[in-house]
Amino acid sequence: MASNLVKLVLGAIIAIVLLGLVIIVAAVGTYNGLVTADQEVVAQWGIVESKYQRRADLIPSLVETVKGITKQEQTVFIGVAEARSQWQNAKSPEDKLAAANGLDSAISRLLMIQESYPELKSNENFMALQAQLEGTENRISTERDRYTERVKEYNIMVKTAPSSIIAGMFNFKEKPVFKADEGAQNAPKVNFST
């Protein structure tokens with residue numbers, strides 16, 4: 001009888017120890033899962049930030065290119081307008097000839113730009129930067145979506161049992177999801193004039 005009692009107590013102790021080990025292993029696994037999910041959120045946000053930085057770096061180049069394009073085109077168009085005005089204001093044949101030469105020269109520059117650059121080479125820089133900016137915007141959107149997904153997975157772990165117990169014990173807090181700014185649904189106004 002004592003032997004049976006010892007076996008029963010020993011079996012209970014072994015069961016409790018095994019249960020404790022299972023709980024410890026589960027707690028460690030849950031903790032490690034929370035740490036991993038937390039670090040995935042942090043890493044994904046770093047990627048989002050790098051895409052925002054890329055956009056911030058591209059915008060000044062885009063603006064400067066637009067200013068350069070506008071300046072180049074304005075110079076040609078102003079030259080044509082001035083030559084035309086000189087022609088109209090010329091009184092003597094000599095003045096008309098000089099104005100005509102000026103107008104021919106201005107038109108030649110205009111045609112040369114049009115012939116040499118069917119889409120205007122200076123515009124290619126703008127188009128390339130615009131394409132890079134569009135690509136960056138797409139990357140930002142993709143990476144924000146990935147960030148939101150990582151945050152969702154992490155927040156589910158933080159809020160659901162049994163991982164919420166470990167999260168509470170080790171101070172794992174919910175992470176914020178990306179939210180658009182107030183009025184983000186409205187298209188921004190772009191003005192390239194200075």
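The values are calculated or read from the model by the stated rules, or taken from the named source; none is laboratory data. Note that the structure is predicted; figures quoted are calculated from it, not measured. Backbone-built Cβ (ideal geometry, glycine too); neighbour counts: all protein chains shown.
The table below gives the values:
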{"read-out": "Residue match in region 54-67 (condition: at pLDDT 80 or above, farther than 30 Å from Phe172 by Cβ and touching a helix residue (DSSP H, G or I) at 6+ places or on another chain (Cβ under 6 Å))", "value": "no"}
{"read-out": "Count of residues meeting criterion [of a type in the set (A, V, I, L, M, F, W, C) and over 37 Å from the mean Cα position of the chain (by Cα)] in region 14-48", "value": "13"}
{"read-out": "Close pairs (8 angstrom Cβ cut-off, 6 or more residues apart or separate chains): exposed (fewer than 10 other Cβ atoms within 10 Å of the Cβ) in region 4-27, modelled with pLDDT of 90 or more anywhere", "value": "none"}
{"read-out": "Subset of region 156-170 [among the polar types (S, T, N, Q) and either over 33 Å from the mean Cα position of the chain (by Cα) or surrounded by 19 or more Cβ atoms within 10 Å (Cβ to Cβ) (or both)]", "value": "Ser163"}
{"read-out": "Residue check for Gln86: over 18 Å from the mean Cα position of the chain (by Cα), modelled with pLDDT under 70 and surrounded by 15 or more Cβ atoms within 10 Å (Cβ to Cβ)", "value": "no"}
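Condition check ((1) charged (D, E, K, R); (2) assigned to a loop (DSSP other than H, G, I, E, B); (3) at pLDDT below 85) across all residues:
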| residue | (1), (2), (3) |
| --- | --- |
| Glu124 | yes, no, yes |
| Val158 | no, no, no |
| Ile165 | no, no, no |
| Lys179 | yes, yes, yes |
| Asn191 | no, yes, yes |
